[in-house]
Amino acid sequence: MNQVSGVIICLGYILGLLFTAIPWGGFWVFALGIVGAIFFGRQRQNIRKHLPKKDNSQAKTKTAPQLSQTTPHPRVWLIAGVVGLFASFYFQSRVPIPEANDISKFLPLENANNQEQLFIVRGKVLTKPRMTRSQRGQLWLQATELNEVKNENGPAGTSKGVTGKLYVTMPLLQTTGLHPSQQIAVTGVLYKPKPPLNPGGFDFQKFLQQEGAFAGLSGRQVNILDEGKSWGWWKIRERIVRSQVRSLGVPEGPLVSAMVLGSKVVDLPYETQDRFVQVGLAHALAASGFQTSLILGVILGLTSKAKKGTQIILGSIALLLFLTLTGLQASVLRAVIMGFAALIGIGLRRTVKQLGSLLVAAVLLLLFNPLWIWDLGFQLSFLATLGLIVTGSPITKRFDWLPLMITSSIAVPLAAAIWTLPLLLYVFNVVAIYTLPANIISTPFISIISIGGMISALVSLISPELGSSLANLLYHPTHWLLNLVEFFGSLPGSTVAVGSISLGQMLAMYILIILAWVVRWWQQRWWFSAIIALGLVVVPVWHSANTLFRVTVLAAGEEPVLVIQDKGKVILINSGDEGTGRFTILPFLQQQAVNKVDWAIASDFQHNGNNAWLEVLQRLPIGTFYDYSPTSDNDTTNQVIKKEVQNSKGIYQPLSVGQTITTGSVVAQLTNNQLPILQLQIFGQNWLLVGQTKTTQVLELLNSGRVVRPQVLWCPGESLKELIPVLQPQVAIATTTNVDQKTLSELSKTQTKLFFTSKDGAIQWTPNGQFETFIPAGENKTSIL
């Protein structure tokens, strides 16, 4: 079998895994293999017909190798199709499914009173605890035993043997001293993860399933049953991190450790991670090819005069040590496999074909774990490496008039960005504008910190004090890198939301990139490909933004949060509790290609002052901010909000109760502040947002004419029974389903259509359409968290 045949079969395997995204995908790949066998079989026959008839045996001898290289035998395509079919079945066999006694099978049923049921879960700690964004500790637990707690202070019930991986969160102090292999008992509330309730939201359910888990535990108390092993690779990682943090502090210390070991095994502050992601430097925090290249470069440089065998042995030891310290991550494994390929090339005194080694690495890893085909880190790692291999050299030639160091600094990030940008747009809906200059300027700092961090890490294994002293030399480069990242992140328009693109748009962009890579005509007109790719993204977004009118009621807890898109103008009403801005509002606006909120209306329905306006303002400017609660108890917060609005050249407008405002197609008025009632007229339709208030007060306002009978009502779930008979809306939207079945049965007999954001997700309405739920009926059977 020649190289071309091997490449076709390998691509058939990868294609079979990719086609698992569509129904009967493996059979489609098999069909493509049959079509390829027929097509290229006829092509081979046509070539044979045109071979010279003179000295036919000699002609066959000379042309047969050429023929096999240019047109592989038809059976190769058939084999590739069969391999693709096998890949689809292999993928399905490796998809995690809960076992019969998986802990997710014993989750309590949802009850109308939303009462929490406590459990005691015993099991083995699998990972070192990490801190979540909500400042809680998190770890993975292999569950072995489950006990139901009859009451909070009472004894546990009957013990049940269980299996399954469990996602556990608990107060940060409770995680102190926990490490892998310990046997612990955690008391807390079991829950089933929910799919995202809002467009653009994080799919926690999918995340857990990819990790082989189907349930979570919100822990309250932990007891250590068995200390387990006191040594492991986690101990070595901890020794390195502590040594570097001791002299550098936070965030410099964790940043150096993350650039050496990877952010997945280092508890790097999320604020620092977000800044690096925002400016397009996330790769600096991922242990992968850059660190592997540095390791091999240093080893081979130091042993340049040694024997080839010595170089291979030392290089292999260094790669294996790096792999064990960083963990079995797809990006690290890819880099290590390609590093071993380079060492084999040195031993054989042959030049290794990088594209071939990348393909071999991909197939080996996907044979080891086919589920990695849908791992974002795996995809980005291979696409970035592919870009460096096939696009780096042409870009370097175009900038050969610059010094070599500057040319390399431009070509490497640009080549990687070209191949990863379509996928990043498809997943995150944003693009970092200053990626190229940020990468060019930061490359020297990243190189110095990575090399110095590796040396410090190795020394700290022998002497933590000496390793800490060496790490201290990296303080200024690390501090300068952080300042550089903060500078680019603070520039206007550092990230631009382009909205969600379809799978077809992403594939079309990759087809254009491949054409510019392999077809000479497109290579000479690469700019034409860039214009078409830009049009594929910009034109649909521009058309949608300037023609769309839609009201979205987000699933955002106990406060109504509305986003109104009015033909290019955006109105945001309320911001919800702290965290809603970061996890609900901003992801939705990014998906909708919103880079500015034209009008914002704050009414503080819950009177707790814990709103998310600052979270929104830190990422998006607001043109005009209308505040219905400027004299509330949280006056300090209002002043900070006012300052943030003005810093982004917006207008802060305090309002009094009863004052009417008009923003585009929306008219708003806060009728009552203490018991909040906000009236909206949206495209001629009356909406009424009612907080925790009494029915008699609403009736008084209705009789006095201060409140207009609404077509759409938003209210807490417990108020539905009283408000619907009084207001008789066409549609009622409530937050939770904390309504007894008898009441729901009575309300179903009315003409009011009911929606619950905690069950149906976000609710959307357009003037020419009906109300639509983000979670279709039949898919919202997940238990409430």
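Every number here is computed from the coordinates shown, using simple stated rules; none is lab data. Bear in mind the structure is a predicted one, so any value in this text is a computation, not a measurement. Glycine gets a Cβ as well: all are built from the backbone with ideal geometry, and neighbour counts include every protein chain shown.
Some notes on this structure:
- Gain upon complete extension [VAL352, LYS308; 0.36 nm per residue less C-alpha separation]: 14.3 nm
- Whether segment 343-445 is rounded, prolate or oblate, judged on the alpha carbon gyration tensor where a/c under 1.5 counts as rounded: oblate
- For LYS150, a cut-off of 21 angstrom between C-alpha atoms picks up these lysines, skipping any fewer than 8 places away in its own chain: LYS105, LYS160, LYS192.
- Ascending count of other beta-carbon atoms within 10 Å, so fewest first, for THR766, THR385, THR169: THR766, THR169, THR385
- With N the number of residues in segment 408-464, Rg(Cα) / (2.2 N^0.38 Å) evaluates to 1.56.
- Structure-based [θ]222 nm, the chain - -39500 (n - 2.57) summed over DSSP H runs of at least 4, per residue, nearest 500: -15500 deg cm²/dmol
- Histogrammed with a bin width of 20 Å, the alpha carbon distances of the chain distribute as 13, 41, 35, 10, 1, 0 percent, first bin at zero.
- Anisotropy class assigned to segment 548-773 is prolate, per the alpha carbon gyration tensor with a/c at or over the 1.5 cut-off and a/b larger than b/c.
- All distinct Cα pairs of segment 513-644 go into the 1/r average, and the inverse of that average, the Kirkwood radius, is 16.8 Å.
- In plain terms, the residue of THR624, THR757, THR324 with the fewest other Cβ atoms within 10 Å comes first and the most crowded comes last, giving THR324, THR624, THR757.
- Remark: for residue pairs LYS721/LYS759; LYS596/LYS642; LYS264/LYS353; LYS128/LYS165; LYS353/LYS397, the C-alpha separation exceeds 22 Å in LYS264/LYS353.
- Taking 0.36 nm per residue of separation and subtracting the current Cα-Cα distance, fully stretching the chain between THR636 and LYS567 would add 21.4 nm.
- Each distinct pair of alpha carbons in segment 198-273 adds a 1/r term; the inverse of their mean, the Kirkwood radius, is 15.5 Å.
- Radius of gyration and Dmax over the Cα atoms of segment 415-500, both given in Å: 17.1, 51
- Against the empirical curve 2.2 N^0.38 Å, the C-alpha radius of gyration of segment 503-545 lands at a ratio of 1.23.
- Sequence of ILE312, ILE622, ILE514 once ranked by neighbouring C-beta atoms within 10 Å, starting from the fewest: ILE514, ILE312, ILE622
- Sequence-separation-based contact order of segment 103-230, relative, with Cα cut under 8 Å and 6+ spacing, percent: 28 percent
- Segment 326-442: relative contact order in percent, alpha carbon pairs under 8 Å with at least 6 residues between: 22 percent
- Using the Cβ-Cβ distance between ASN546 and HIS479 with R0 = 45 Å, the FRET efficiency computed as 1/(1 + (r/R0)^6) comes to roughly 0.50.
- FRET efficiency, 1/(1 + (r/R0)^6) with R0 25 Å, evaluated for ASP203 and SER648 via beta carbons: 0.20
- An ellipsoid equivalent to segment 103-230, defined through the eigenvalues of its Cα gyration tensor, has semi-axes of 22, 19, 14 Å when rounded to whole angstrom and sorted largest first.
- Taking 20 Å as the cut-off, no amide N atom of segment 381-400 comes nearer than this to a point 7 Å along the Cα-to-beta-carbon line of VAL496.
- Computed from label points 7 Å out along Cα-Cβ, the spacing between ARG398 and GLN692 is 6.0 nm.
- Between TRP233 and ILE441, the contour length at 0.36 nm per residue exceeds the Cα-Cα span by 71.4 nm.
- Using C-alpha pairs below 8 Å separated by at least 6 residues, the relative contact order for the chain is 9 percent.
- Using a Förster distance of 35 Å, the FRET efficiency for LEU126-ILE317 (Cβ separation, nearest 0.05): 0.80
- Placing a label point 7 Å from the Cα of PHE368 along the Cα-to-Cβ direction, the residues of segment 286-304 whose backbone N falls under 17 Å from that point are 287-293.
- In degrees, nearest ten, helix 330-348 long axis to first principal axis of the chain (Cα): 10 degrees
- Antiparallel DSSP beta bridges within the chain, as percent of all bridges there, nearest 5: 70 percent
- Cα gyration tensor category, rounded, prolate or oblate, for segment 405-560 with a/c compared to 1.5: oblate
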